[in-house]
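The structure appears below as structure tokens.
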Amino acid sequence: MSVDDVVEMRVEPDRRAGLRGHHSATHLLHAALRDRLGDHVSQKGSLVAPDRLRFDISHPKAIGAEDIAEVTDHINRQIQGNSDVVTRLMTPDEAIETGAMALFGEKYGDEVRVVTMGDRGNAPYSVELCGGTHVSRTGDIGPFRIVSESAVAAGVRRIEAVTGRAALAQMAETEAQLREVASLLNASSSQVVERVAALLEERKKLESDLSDVRRKLATGGGSGDAGAGDAGVKDVAGVSFAGRVLEGIPARDLKSFADDLKKQIGSGIVAICGTDDGKASLVVGVTDDMTDRFDAVSLVRVGSAALGGKGGGGRPDMAQAGGPDAANATKALDAIEAAIRG
């Protein structure tokens, strides 16, 4: 290109409108976050797109739902105020005197552009140095909605939001999802929270009932040779030994089962191997009167090796380990029994 060339410039109106709305919204978001969270909040990164915005800030912890709601409300109030968005050119010193926010690390020339928007009653809501495109009035931004808040790095949080048509589309999608959930629950939209809470409470009760059934299974009988006998207890070299292989039992339940089984046998050693999704978890318990002869940690490591696992840990009276091969659950109990025999 050279001087006096004739060129044609085309700006896509819808794309530019989306960029303007999301860019101006970042200014309001910055001001609202500083108001709500404190003056330590500063911009660490930003993305402005036609359909969304991303804004990274310095903040030491997650931003709670109440803070998100308050910030969103403040921004939408400024948008509804429909105040003028004013741009002025001035020197950097003059800009700083007006209270304009400058980005740390940015280099500014002899002349800067200051963008003000919103209304605090006696001052603008936001005053920042900025060279980008903006709306003419805050009302042009349209509805504002924060869609996510997450961590980027230590001390840096990321907020993603939408405005205008993008926000309306998000709200329509959310409403459609709510209607779908309500239909699945055979309830109205206003009853969804109550119905879900009731289902969660029902699930909690069912899990408790299932845990009781599993505990009875663990202490009342098992599978394979380890479960032989009325109580499933063997005499192994003069030591009472109870072993169980329980299918579909999560690892978190095994220790309480082992405690119950130890109480049932009174004196001896118990081993429970729970299998779930093809993997195995193993718990070995030794009653207090036997810990001077047998160490639960040593025994559980013997069983873990048979399961294809490594290590295991705990206390002399209770230890836990795991392994990738649930098919060897019975072999793990056999290995522990052999270790007891010495």
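Restricting V112, V135, V162 to residues that are assigned by TED's automatic domain parsing to the domain that holds D67, touching a helix residue (DSSP H, G or I) at 6+ places or on another chain (Cβ under 7 Å) and at pLDDT below 95 narrows the list to V112. Counting only strands (runs of 3 or more DSSP E) wholly contained in region 16-126, the ones carrying 2 or more residues that are under 22 Å from S148 (Cβ atoms) and touching a residue at least 40 places away in the same chain (Cβ under 8 Å) occupy 43-49, 52-58. Any residue at all in region 284-298 that is modelled with pLDDT under 90, assigned to a loop (DSSP other than H, G, I, E, B) and surrounded by fewer than 22 Cβ atoms within 10 Å (Cβ to Cβ)? No, the conditions are met nowhere in region 284-298. One residue stands out among those in region 7-30 that are of a type in the set (G, A, S) and surrounded by fewer than 24 Cβ atoms within 10 Å (Cβ to Cβ): the one that is nearest to T163 (Cα to Cα), which is G18. L206 meets all of the listed conditions (1) at pLDDT 95 or above; (2) loosely packed, with under 13 Cβ neighbours inside 10 Å but one, namely (1).
The values are calculated or read from the model by the stated rules, or taken from the named source; none is laboratory data. Model, not experiment: these values are computed from the prediction. Quick reminder, even Gly has a Cβ in these numbers, built from the backbone with ideal geometry, and neighbours come from all protein chains shown.
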